[in-house]
Amino acid sequence: MSASGRFGIVALVGRPNVGKSTLLNRLVESKVSITSRRPQTTWHRVEGIRTVGDTQLVFLDTPGLHDSGKRMLNRVINQTARGAVAGVNIICLVTDARGWRAGDARVLELVKTARTPVWLVMNKADRLQAVDQLLPNIDAVRGRHQWDQVVPVSAKTGYNTAHLLGLLGQSVPVGRPEHAIGEVTTLSRRFMAAELIREQLFRRLGAEIPYTTGVTVSDFTMGTDGPVTISAEILCETAGQKRAIIGEKGSKLKIIGVSARRELERLLGQQVFLEQRVKVRKGWTDDLAMVSRLGYALKD
Ligand SMILES: Nc1nc2c(ncn2[C@@H]2O[C@H](COP(=O)(O)OP(=O)(O)OP(=O)(O)O)[C@@H](O)[C@H]2O)c(=O)[nH]1
Ligand SMILES: [Mg+2]
C-alpha cells in the first residue's frame, strides 16, 4: 500500500449470494459479517476496517439488492443497501465470475449514477471449471460499464484478494486513519451477538423461516471473573415457525445456541453463557416500529 498515508471507504454491493460478506471478512481478516449459502443473509450495513501500514480502508458490506420489496423489512433492507453507497470513495460491484446476470445489471443501474468510481470484482473465481475461462469471462463484462478496474478474486480461497486490497489502498484519497489501528469493526458486541445467532438460524433452518426471524439481545453483561451473560430473543411470525426453531425436545434451538455460543466465545475471547427465548410476534416484519427496534434504519 501507499507510503503517503491514505484513507477511504469502499462499498461492496451486488445481488444476493455473490459473496460480499465472505469477501469483507477476507479483506479485514476477521469474521465481521455473517454468511450463509442462502441469499439475503445480510440485512444491515456492516462495517469492517483494515489498516495496512499508514493506509486504512473501511469496507461497507451491504444487503444483496433484490426485487422482492413487499414486506416492510425487505424494503428497509433494500434501502440500507442503496443508502450505503452515498459518500463512499469506491464502489465494488461484486458478481459471480462464472457469468453476468440480469440481477447484476439491475444493481449496476442503481449505483452507476453515483459520481463514484465503480470497480467490478468477479468473485468465486475458484468455481470456474478451468482457469482459461477467466479471460473470456472478463472480456465479456468489460463492455457493460466503464469500470475503473476489473478484478477477479476468490473470497473463499483468498485468490487475488491481496492484489485487490493493494489496488484499493493505492486508489483511495490521501488521508489519515479515522479508526484505531487494529480495530476491525465499529459494530457493537451486542449487535454482533444478535448477528451470530441470526447466522445460525440461516444456516440451520429450512425454507422461509430465516427470512421472517429476527434476533434482539435483551441483556449483555460482561462478567468480571465469570462468563459473559447474553440473553437473546428470537422473533418469528407463527406458532409453527416457533416449533420448528425449537425443534423436537428443544434439539434445534440447542444446536443453534451451541454453535452461536462457540462463535461468540471466539469473538469475545471469553466464556459465554447464552440464553435464548423464541417469541411469536405476528406481523413484525411489516411493523415499522418493530423493524426499527431490531436495528434496521429506514434512512442510513
Ligand atoms: N466457492 C466459493 N464460494 C464462495 C465464495 N465467496 C462466497 N462463497 C459462498 O457463497 C455463499 C454466499 O456468501 P455470502 O458472503 O453470504 O454472500 P453475500 O453476497 O453476502 O449474500 P447476501 O448477504 O445474501 O447478499 C456462501 O455459501 C459462501 O461460502 C468464493 O469465492 N468461492
Ligand atoms: Mg451478505
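May I ask you to list the residues in segment 146-157 that are of a type in the set (S, T, N, Q) and part of a loop (DSSP other than H, G, I, E, B)?
To start, the set of residues in segment 146-157 that are of a type in the set (S, T, N, Q) comprises 146, 149, 154, 157.
The answer is 146, 154, 157.
Could you tell me which of the residues 214, 206, 226, 240 is buried (at least 16 other Cβ atoms within 10 Å of the Cβ), of a type in the set (Gly, Ala, Ser) and more than 14 Å from residue 260 (Cβ to Cβ)? Show your work before the answer.
Working: 206 fails: buried (at least 16 other Cβ atoms within 10 Å of the Cβ); 226 fails: buried (at least 16 other Cβ atoms within 10 Å of the Cβ); 240 fails: buried (at least 16 other Cβ atoms within 10 Å of the Cβ).
After applying the criteria, what remains is 214.
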(request) Could you tell me whether residue 32 is more than 9 Å from ligand 2 (Cβ to nearest atom) and either buried (at least 23 other Cβ atoms within 10 Å of the Cβ) or not assigned by TED's automatic domain parsing to the domain that holds residue 161 (or both)? (result) yes
(request) Would you check which residues across segment 33-59 are within 12 Å of ligand 1 (Cβ to nearest atom) and among the aliphatic types (A, V, I, L, M) and list them? (result) 34, 46
(message) I'd like the full set of residues that are in contact with a Gly (Cβ under 6 Å, 6 or more places away or on another chain) and in a strand (DSSP E or B), limited to segment 7-29.
(response) 7
(request) Looking only at segment 1-14, count how many residues are surrounded by 20 or more Cβ atoms within 10 Å (Cβ to Cβ) and either more than 22 Å from residue 83 (Cβ to Cβ) or within 11 Å of ligand 2 (Cβ to nearest atom) (or both). (result) 5
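Restricting to segment 267-279, name every residue that is farther than 15 Å from residue 201 by Cβ and in contact with a strand residue (DSSP E or B) (Cβ under 8 Å, 6 or more places away or on another chain). Full working, then the answer.
Let us first name the residues in segment 267-279 that are farther than 15 Å from residue 201 by Cβ, namely 267-273, 275.
Selection gives 268, 270, 271, 272, 273, 275.
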(message) Looking at residue 51 and the list (1) modelled with pLDDT under 95; (2) more than 8 Å from ligand 2 (Cβ to nearest atom); (3) out of contact with any strand residue (DSSP E or B) (no Cβ under 6 Å at 6 or more places or on another chain), which single condition is not satisfied?
(response) (1)
(request) Kindly list, by first and then second residue, each pair from a residue in segment 14-25 that is modelled with pLDDT of 95 or more to a residue that is near ligand 1 (Cβ under 6 Å from one of its atoms) and not in a loop (DSSP other than H, G, I, E, B), limited to pairs with Cβ atoms under 9 Å and residues at least 6 apart or on different chains. (result) 18/123; 19/123; 20/123; 22/123; 23/123
(message) Going by what's in this entry, would residue 27 be described as more than 11 Å from ligand 2 (Cβ to nearest atom) and buried (at least 21 other Cβ atoms within 10 Å of the Cβ)?
(response) yes
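The values are calculated or read from the model by the stated rules, or taken from the named source; none is laboratory data. All values derive from a computational prediction rather than experimental measurement. Cβ coordinates were reconstructed from backbone atoms using ideal geometry, including for glycine residues, and neighbour counts include every protein chain displayed.
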